[in-house]
1. If you project the alpha carbons of the stretch 58-133 onto their three principal axes, what span does each projection cover, largest first, in Å?
2. Between residue 146 and residue 19, what FRET efficiency follows from the Cβ-Cβ distance if R0 is 25 Å, with the result rounded to 0.05?
3. Let me know the Rg and Dmax you get for the stretch 97-150 when you use only its Cα atoms, in Å.
4. Expressed as a rounded percentage, what relative contact order does the stretch 13-147 have, with Cα pairs under 8 Å and six or more residues apart?
5. Calculate, in nm to one decimal, what residue 52 and residue 71 gain on full extension: separation in residues at 0.36 nm each, minus their alpha carbon distance.
6. Quantify how much of the Cα-Cα distance distribution of the chain extends past 25 Å, in percent.
7. Helix 69-82 against the longest principal axis of the chain: what's the angle in degrees, Cα atoms only, rounded to the nearest 10?
8. What ranking do 74, 30, 147 get, fewest neighbouring Cβ atoms within 10 angstrom at the top?
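What follows draws every value from the coordinates through simple rules; no lab data is involved. This structure is a prediction, so every number in the text was calculated from the model and none was measured. Reconstructed Cβ throughout: ideal geometry from the backbone, glycine too, with neighbour counts over all protein chains shown.
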């Protein structure tokens with residue numbers, strides 16, 4: 001059996017994760033575009049998915065997303081230019097900066113959360129509530145083990 005056939009019939013964790021991520025991003029960002037957020041791209045998720053409403057430090061965003069701090073800096077620059085976030089002094093440490101969502105950024109974050117809840121509900125209906133809950137539990141354990149992040 002050729003490798004490509006084997007991977008198609010018995011995909012490994014990398015292939016399954018990649019397929020899931022890319023398909024999820026495509027649907028999520030298509031729906032968000034229809035809701036008025038056409039300028040945001042999947043790469044911006046490294047910031048917006050982890051951003052706290054009251055703001056986050058870029059170093060924390062980098063650690064949570066697994067991206068380099070320089071990548072996060074570039075993404076924050078893009079999101080500032082698009083009007084989704086702004087940089088503000090961190091009240092806890094005036095030398096540090098917080099990345100804070102604007103009203104537009106908060107709208108995107110709220111809509112993104114709502115779309116993901118809908119998508120998960122659709123999956124749960126398709127495979128069964130218990131099966132989906134068990135899948136998420138096990139997938140979280142695998143992700144934690146793989147990344148060392150709990």
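1. Taking max minus min along each principal axis of the Cα atoms, the stretch 58-133 gives 50, 25, 23 Å.
2. 0.90
3. 15.3, 44
4. Reported relative contact order: 20 percent.
5. Values: separation 19, 0.36 × 19 = 6.84 nm, distance 1.85 nm.
Length difference between fully extended and current span is 5.0 nm.
6. Working: 4451 of 11175 pairs.
Of all Cα-Cα distances in the chain, 40 percent exceed 25 Å.
7. Its long axis makes an angle of about 70 degrees.
8. Taking fewest neighbouring Cβ atoms as first place, the list is 147, 30, 74.
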